[in-house]
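The values are calculated or read from the model by the stated rules, or taken from the named source; none is laboratory data. Predicted model only: the values in this text are computed from it and were never measured. With ideal geometry, Cβ positions are generated from the backbone for all residues, glycine too; neighbour counts draw on all protein chains shown. Note: areas computed on protein heavy atoms with side chains; ligands, DNA, RNA excluded. Shrake-Rupley method; radii C 1.70, N 1.55, O 1.52, S 1.80 Å.
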There are 2 protein chains.
Amino acid sequence: VTLLDEILEQPEAAARFLDRQLATVHSIAATIQRRDPSFVLIAARGTSDHAAIYAQYAFGLRNGLPVALAAPSMFSLYGAPPRLDRAVVLAISQSGTSPDIVAVVDEARRQGAPSVAITNDPGSPLAVAADHVLPLEAGPERAVAATKTYTTQLLAIAALSAALSGGRGATADAAALHAVPRAIDNALSTDGRARTLAAARTSISRAVVVGRGYEYATAREWALKLQELTYVMAHAWSSADFEHGPLALLEPGFPVLAAIPDDVAGAALVPLLRRLRDEHGADLVAISARSDIVDLRPMPAGGSLPPWLAPIASIVPAQLFAYHLARAKGIDTERPRSISKVTRTR
Amino acid sequence: VTLLDEILEQPEAAARFLDRQLATVHSIAATIQRRDPSFVLIAARGTSDHAAIYAQYAFGLRNGLPVALAAPSMFSLYGAPPRLDRAVVLAISQSGTSPDIVAVVDEARRQGAPSVAITNDPGSPLAVAADHVLPLEAGPERAVAATKTYTTQLLAIAALSAALSGGRGATADAAALHAVPRAIDNALSTDGRARTLAAARTSISRAVVVGRGYEYATAREWALKLQELTYVMAHAWSSADFEHGPLALLEPGFPVLAAIPDDVAGAALVPLLRRLRDEHGADLVAISARSDIVDLRPMPAGGSLPPWLAPIASIVPAQLFAYHLARAKGIDTERPRSISKVTRTR
């Protein structure tokens, strides 16, 4: 089964990226520093867009760099792109073939803004169009649902963030980055737990997924895996946005999936989750490295990693949960209906 | 019924804003132009966040201004905000009371970045914290689900965009802005159609909402109204993102709601919708001013407005659809379960 193989390959894919691409990471970081950008514009779709959300937190919190997520239609369909004269443009795409993402990089070149393509195919149109290419080294990804390209995308962004901060924390950051493959490996040990939790939920058709801070990206990607693989109508929110309205959706037994960071944002999320469980009767499934939420019985993940790297491991139990839920529902995980591996949108 | 009253008040609220606040709009636009920002950072939650998405398209496509949507937790919980030295900060909030949004404006002042609060309460903590205040003039909004503050937020942003572009188009822009109250009034005439469409769908528990370009904000806000008022698990996507995975959700009879702009982005969306109807058996409900999609039988809206202003009117049939669906399901539209008018998130 290709999908499961690719989930299991993630520690090696991460190790390969670290082994082969750190020099390129440092050279790209130096280019960004020379530019001294006012902000980073990121263009991405689908799973890659969730890597972009992780980048918003990593670059913002660790490097002081504001991140704007591009609306590619401005570049492709409308042909009226905004000014990029103080930006660095980052395009993230597994295949590197979607015309709307390539259009953003083409416009960056036209305006003289440096561009970087993070892609699994260094020969793709996106890689050719960009000034700099950061290959994911994930190996060919054949399953329709992206897994190992997502975790290597996060790792590429994390490595860029570490290279951009440099200085006193550099040694600790480098050690933490090199602990990622083993942390992913540890996260794979949640397989039995993920299977049990999924087997008890084969009848769900809707789910709320919440996250906050560094783990908001995990919530978004978890929801997408459920949509693609299990046809569950899963909707992810930052827990703060969820409280501004969508909370009305909850009724007793409603599945609430949560990715809880082991930091101050996670500390703010925990009381909400307990309230959803106790007052709304929500059926909670959590992923977290926190040690202070035994009552939420989270699937453990990323425990050995600092919060800024934890999302690379904490998505793994979510992938396994979606995989096992699909299998338990009798869905062919290699051929989710209606979608294909490469989507070319304009 | 307060909610329906407030939906019906929207033409007057828009007229009042235009009558009272255009001088303030021009003064704020002049401040922004003096600053010559590299980008605009917008902080907002819930419905106001959808006004922020509209601003991303309006400022980007019409003024060449990149827009970044703030992750407020970086400012409030993490206390590690990004650099804002080349930004203008815009905070959008009906009540002006959410601490995480106020934290973004506080940080703007600390870093010397100009800030503007768009709020319905010029005496709110947000208004006090910001350098400039643009009051919505919507009158007190009492219903939990925001309606007239959303359309006046869009109008405030549209007026700012017009003031920022100035020049040759200024006369046409001013005429178009002043046509907004009548266009909203015309959109209210879809009431009977919205009620019929809703009455036929009282058993739905899930819905996909798609939009693109200027109408992506409409899709997002339509989904939120359905979540708040009807407890339908509605999820909005840009149609391009929808094709990258979530398309797998569709099965025959699945409700697909669409907000279709009358421009090149809408022209790209129409073939997808026909495919969803013909190949996937989707149950389509559309809102559009386009004249070339008679087969999609859209609720008409914003027909007299150019595409950049159309979202102010095209949300109205969506509000009415959600209102009638709630009533048909026997839900008290004045007291959606679990949520309250003002949400103070950190």
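Points to keep in mind about this one:
- Residue in the range A:106-119 that is in a helix (DSSP H, G or I) and either among the hydroxyl-bearing types (Ser, Thr, Tyr) or open to solvent by less than 10 Å² (accessible area, probe 1.4 Å) (or both) present: yes
- Failed condition for residue A:144, given (1) more than 30 Å from residue B:337 (Cα to Cα); (2) part of a helix (DSSP H, G or I): (2)
- Which numbered condition residue A:46 fails, given (1) on the phi > 0 side of the Ramachandran plot; (2) without any contact (Cβ under 8 Å) to a residue 40 or more places away in the chain: (2)
- Helices (runs of 4 or more DSSP H) wholly inside the range A:224-336 that include at least 3 residues being of a type in the set (Val, Ile, Thr) and open to solvent by less than 10 Å² (accessible area, probe 1.4 Å): A:310-328
- Residues in the range A:219-238 that are touching a residue at least 40 places away in the same chain (Cβ under 8 Å), in contact with a Pro (Cβ under 7 Å, 6 or more places away or on another chain) and more than 7 Å from chain B (Cβ to nearest Cβ): 1 in all.
- Condition check for residue B:176: modelled with pLDDT of 95 or more, of a type in the set (Gly, Ala, Ser), in a helix (DSSP H, G or I) and more than 21 Å from residue B:268 (Cα to Cα): yes
- Taken residue by residue, the range B:198-212 has at least one member that is buried (at least 24 other Cβ atoms within 10 Å of the Cβ) and not in a strand (DSSP E or B).
- Against the test of being at pLDDT 95 or above, away from chain A (no Cβ under 14 Å) and under 24 Å from residue B:223 (Cα atoms), the options B:23, B:14, B:58, B:52 yield a single qualifying residue, B:14.
- Selected residue (criterion: nearest to residue B:309 (Cα to Cα)) from residues of the range B:6-15 that are open to solvent by less than 70 Å² (accessible area, probe 1.4 Å) and assigned to a helix (DSSP H, G or I): B:14
- Candidates B:262, B:241, B:185 - the one that is of a type in the set (Asp, Glu) and within 8 Å of chain A (Cβ to nearest Cβ): B:241
- Qualifying residue in the range A:120-140 (condition: within 11 Å of chain B (Cβ to nearest Cβ) and either in contact (Cβ under 8 Å) with a residue 12 or more places away in the chain or part of a loop (DSSP other than H, G, I, E, B) (or both)): no
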